[in-house]
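**Student:** I have a structure I would like to understand better, so I am pasting it below and will then ask my questions one at a time.
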Amino acid sequence: MSPFRILHISDTHLSPRTEHFRRNNEEMIAPLCASDHDYIVHTGDITLDGIRFEEDYVFCREFLGRTGKDILYIPGNHDIGDNPNLSKPEEEKGSRINAGRLARYKRYYDKDRWSFDRDGWRILGINSMLIGSGLPQEQEQFDWLDAQLDTLGDLHLAVFSHQPLFIDAPEVTELTYWTVDPSGTERLRRLVNHPSLKFIGSGHLHQQRSRAYGQIRLEWCSSIAFTTREELVPEMGGTRLVGYLEHSFHPNGRVETTVRTLDSFTNNYLDDVLETVYPKY
């Protein structure tokens, strides 16, 4: 049996308020339209600042809708908000996740988590920003994850998330901007330690990196929009080039990942335009 293939994009950071990052996303439309992959997954930060501007959602729906493809989306921090312990609340013009911001995302993209089975695999998309949020939906997602594992049977398991579940190993307990809140470590332990888990694909860090933790492939997808210098995002062993990934899922549990880019992409650096695209409100 042939493998099925997933085209993986992330961190498009689109908005009608700025032309920054628009060109790379325009260049990506043709490959998406021509894609013969079985699935397309977007691992979040669809919008530039959807937590503050609903117009970003309207724009992104229309912009990526031009592909004519069914894209599986999960939200990022710029779509629904940041961890409460790392951000101020909305009423203080902060970026903290809240129920209203999550509801706005669902108005445009319906689901913030999803699951499908295909050729010996179960593929999950999770909302990493819920972990540590304290919202009721956090517990609902943990219960949903438990149900996914309860019914897994002999399927291989893959997870897509905006944030990496961890950088190199899951034992780290420090809360940082870069990974899932470690307060969820215990609830995620069953998932991470499950012998059927073979793959975790993520975005968020605007770096591409391919490593392994035991039998788990850890695949970080670059951003289409921009990368950063070390002053903004510390060195984590990734390649700071814009691009996307293709994953081939084999029935025996093997995953092959190919790094893709386009000659027409510009390797934008957020550092150069940070105050313009993300002003201090």
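The values are calculated or read from the model by the stated rules, or taken from the named source; none is laboratory data. All values reported here derive from a predicted model rather than from experimental measurement. Note that we place each Cβ from the backbone using ideal geometry, even for glycine, and neighbour counts take in every protein chain shown. Areas reflect the complete protein model, heavy atoms only, side chains present, ligands, DNA and RNA absent. Shrake-Rupley method; radii C 1.70, N 1.55, O 1.52, S 1.80 Å.
**Student:** So, Gln137, is that one open to solvent by 30 Å² or more (accessible area, probe 1.4 Å), part of a helix (DSSP H, G or I) and among the polar types (S, T, N, Q) or not? Even if it seems obvious, please write down each step before you answer.
**Tutor:** Numbers: open to solvent by 30 Å² or more (accessible area, probe 1.4 Å): yes; part of a helix (DSSP H, G or I): yes; among the polar types (S, T, N, Q): yes.
Answer is yes for this residue.
**Student:** Further, regarding this structure: Restricting attention to the stretch 158-193, which residues are over 24 Å from Ile80 (Cα atoms) and open to solvent by 40 Å² or more (accessible area, probe 1.4 Å)?
**Tutor:** Hits for the stretch 158-193 are Asp168, Glu171, Val172, Arg189, Arg190, Asn193.
**Student:** Still on this model: How many residues does the stretch 268-281 contain that are open to solvent by 30 Å² or more (accessible area, probe 1.4 Å) and either within 18 Å of Pro31 (Cα to Cα) or not in a loop (DSSP other than H, G, I, E, B) (or both)?
**Tutor:** Step one: list which residues in the stretch 268-281 are open to solvent by 30 Å² or more (accessible area, probe 1.4 Å), which gives 268-269, 271-272, 274-276, 278-281.
After this cut, where a residue has to be either within 18 Å of Pro31 (Cα to Cα) or not in a loop (DSSP other than H, G, I, E, B) (or both) as well, the list is 269, 271-272, 274-276.
Selection size over the stretch 268-281: 6.
**Student:** Next up: In the stretch 95-134, which residues are under 18 Å from the mean Cα position of the chain (by Cα), open to solvent by less than 40 Å² (accessible area, probe 1.4 Å) and of a type in the set (Gly, Ala, Ser)?
**Tutor:** Across the stretch 95-134, the qualifying residues are Ser95, Gly125, Ser128, Gly132, Ser133.
**Student:** Separate question: Enumerate the pairs (first residue in the stretch 231-255 and in a loop (DSSP other than H, G, I, E, B); second residue anywhere and acidic (Asp, Glu) and open to solvent by 40 Å² or more (accessible area, probe 1.4 Å)) with beta-carbon separation below 9 Å, excluding pairs fewer than 6 apart on the same chain, so at least 6 apart or on different chains.
**Tutor:** Glu231/Asp271; Leu232/Asp271; Met236/Asp168; Gly237/Asp168; Arg240/Glu230; His250/Asp119; His250/Glu256; Pro251/Asp119
**Student:** Filter the stretch 212-230 down to residues that are assigned to a strand (DSSP E or B) and under 17 Å from the mean Cα position of the chain (by Cα) and give me whichever is farthest from Gly120 (Cα to Cα). Quick ask: steps written out before the conclusion?
**Tutor:** As a first pass, look at the stretch 212-230 and keep what is assigned to a strand (DSSP E or B): 212-213, 216-220, 227.
With under 17 Å from the mean Cα position of the chain (by Cα) added as a condition, the list becomes 217-220, 227.
Details: Arg217: 17, Leu218: 20, Glu219: 20, Trp220: 23, Thr227: 35 Å.
Filtering first and then ranking leaves Thr227.
**Student:** May I pose another question? Within the stretch 4-27, identify whether any single residue is aromatic (Phe, Trp, Tyr) and at positive phi, and answer yes or no. Spell out the reasoning first.
**Tutor:** Kept after step one, since they are aromatic (Phe, Trp, Tyr), are these residues of the stretch 4-27: 4, 21.
Among the residues that remain, those that are also at positive phi are: 21.
Within the stretch 4-27, one or more residues are aromatic (Phe, Trp, Tyr) and at positive phi.
**Student:** Pairs under 8 Å by beta carbon, first residue within 29 Å of Thr151 (Cα to Cα) in the stretch 194-222, partner open to solvent by 20 Å² or more (accessible area, probe 1.4 Å) and acidic (Asp, Glu), six or more apart or different chains?
**Tutor:** Ser196/Asp154; Arg211/Asp168; Tyr213/Asp168
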